[in-house]
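Okay, so here's the structure we're looking at.
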Amino acid sequence: MKLLLQFTFLLSALLIFSSCENDPISIGKNILPDSDFLNLIEVNSLEGEWGQASSNFKADSVNLGRSQRLLLGNLDGEIEASFLLKFFIFLPESIYTPLQEGNINVLKSWVELDPSYKIGNTNSNFDYSVHEVFEYWQFNNFDADSLNNLSVGNEDMKVEQIEISDSLFAFELNKDLVQAWMDVRVDSSLTRKNYGLYFKSNAGYVIGFPASNGSIYGFTPRLYIELENPGEFVDTLLTEIVSDDVHIVKGTIINPPEKEIVLQSGIGQRGSLKFDLSNIPQNVVLNKAVLEISVDSSKSLFGSPSTDSLAIYFYSDEELKTIDDQVRVKYLTRDGNKYSGQVETIIQNWINGKVNYGIEIRLSDEIRGLTRSVIYGSNSDDPALRPKLTLVYAEQR
């Protein structure tokens, strides 16, 4: 009986397979009328000669206070980066009490930073100075105007450069300044407060260090204090708590080459782009939308590690440059001399009738680097270099 069942099952399977092989698409092909089949169509802005327009502009302000890096140096004489840094000195009980009694002396102090980024001509010498700050400041919304109004000392508090290498940036700090910082921790009536340090440089390139919220790039800044309690002990206190830090970037808008757009991190130089999609049928189902933007690498400047993406924001008001906060930012990644990425969400909204105010283009490292990316605009002489939008959508037939 078992053998008979196996034979019957095998015979049935062969008959079904034979019928499928003879006409693999015949089953059910007449159930749906031809009008219900979907036809995929691919179009793009270059072949379709859609209207497009691009422009260059500078943002009113860029909040660098939440950057994951602190930048220091000068880029092409056009961009200057400096930073503020304040350590919170935690005192263990073994030091706090003798410090109150006036028995703790600072013998030596030094600061260590870990380079995590470089941009510019790194073959030149890196000169810089470190200055005492004389008044209170906060990292949030601190900008170039804030720095201009900040009281900073003229004396260089950097006693000696210990090391500048790819892995370590270290210098000896004025011990009298650090002694004052320690003393005011136990006597708040003292007039010399700890408002931190200001770093500035005229070097021909820029170095970046991990900020207090950027430890993914390396260790945060460190302050070492070698101190003694005469006749009792000599010890080294390590302070790794940074209470505030912020870098400041100064620079005017860089005039773009004709028919190109300059994107400059640090100062908020951005681009805008708009495509005329009026020839696309309304309410089609968008399967894919790819935006491609070409780079003029001969005029661009990328740091190490290099920035590999653009951030695309969508406008809710084109004239005021207001960002639509209902749409998540999209990213275009760079491969060679081209950025590309998918932007279906907003394009589908535009096709469905939402007003098309265009998009804003920023460098994704705008607050943590000084990348300069020169991209080709909508009026480039070579159509193949203009921004390109490719759409794949389905329509009934």
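The values are calculated or read from the model by the stated rules, or taken from the named source; none is laboratory data. Only a predicted model underlies this, so the values are computations on that prediction, with no experimental measurement involved. For neighbour counting, all protein chains shown are included, and Cβ atoms are generated from backbone atoms with ideal geometry for every residue, glycine included.
Give the residue that is surrounded by the fewest Cβ atoms within 10 Å (Cβ to Cβ), with candidates limited to residues of segment 384-397 that are at pLDDT 95 or above and more than 14 Å from Ala53 (Cβ to Cβ). Step through it out loud before you land on a result.
Within segment 384-397, the subset at pLDDT 95 or above is 384-392.
With the extra rule that they be more than 14 Å from Ala53 (Cβ to Cβ), the set shrinks to 384-385, 388, 390-392.
Values: Ala384: 9, Leu385: 19, Lys388: 20, Thr390: 18, Leu391: 25, Val392: 16.
Filtering first and then ranking leaves Ala384.
Quick grid of which residues meet (1) without any contact (Cβ under 8 Å) to a residue 24 or more places away in the chain; (2) surrounded by 17 or more Cβ atoms within 10 Å (Cβ to Cβ):
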| site | (1), (2) |
| --- | --- |
| Ile293 | no, yes |
| Lys299 | no, no |
| Phe302 | no, yes |
| Asp325 | yes, no |
| Asp335 | yes, no |
| Gln342 | no, no |
| Ile347 | no, yes |
| Asn352 | no, no |
| Glu360 | no, yes |
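Which number in (1) modelled with pLDDT under 95; (2) small (Gly, Ala, Ser); (3) crowded, with 18+ Cβ neighbours inside 10 Å marks the one condition that Ala289 misses?
Of everything listed in (1) modelled with pLDDT under 95; (2) small (Gly, Ala, Ser); (3) crowded, with 18+ Cβ neighbours inside 10 Å, Ala289 misses just condition (1).
Within segment 175-197, count every residue that is surrounded by 20 or more Cβ atoms within 10 Å (Cβ to Cβ) and either closer than 26 Å to Phe302 by Cα or polar (S, T, N, Q) (or both).
Summing the residues that are surrounded by 20 or more Cβ atoms within 10 Å (Cβ to Cβ) and either closer than 26 Å to Phe302 by Cα or polar (S, T, N, Q) (or both) in segment 175-197 gives 1.
Taking into account only those residues within segment 330-386 that are basic (Lys, Arg) and part of a strand (DSSP E or B), which is farthest from the chain's Cα centre (by Cα)?
Lys338
Looking at segment 81-105, which of its residues are farther than 30 Å from Asn213 by Cβ and either of a type in the set (Ser, Thr, Tyr) or not in a helix (DSSP H, G or I) (or both)?
Hits for segment 81-105 are Ser94, Thr97, Glu101, Gly102, Asn103, Ile104, Asn105.
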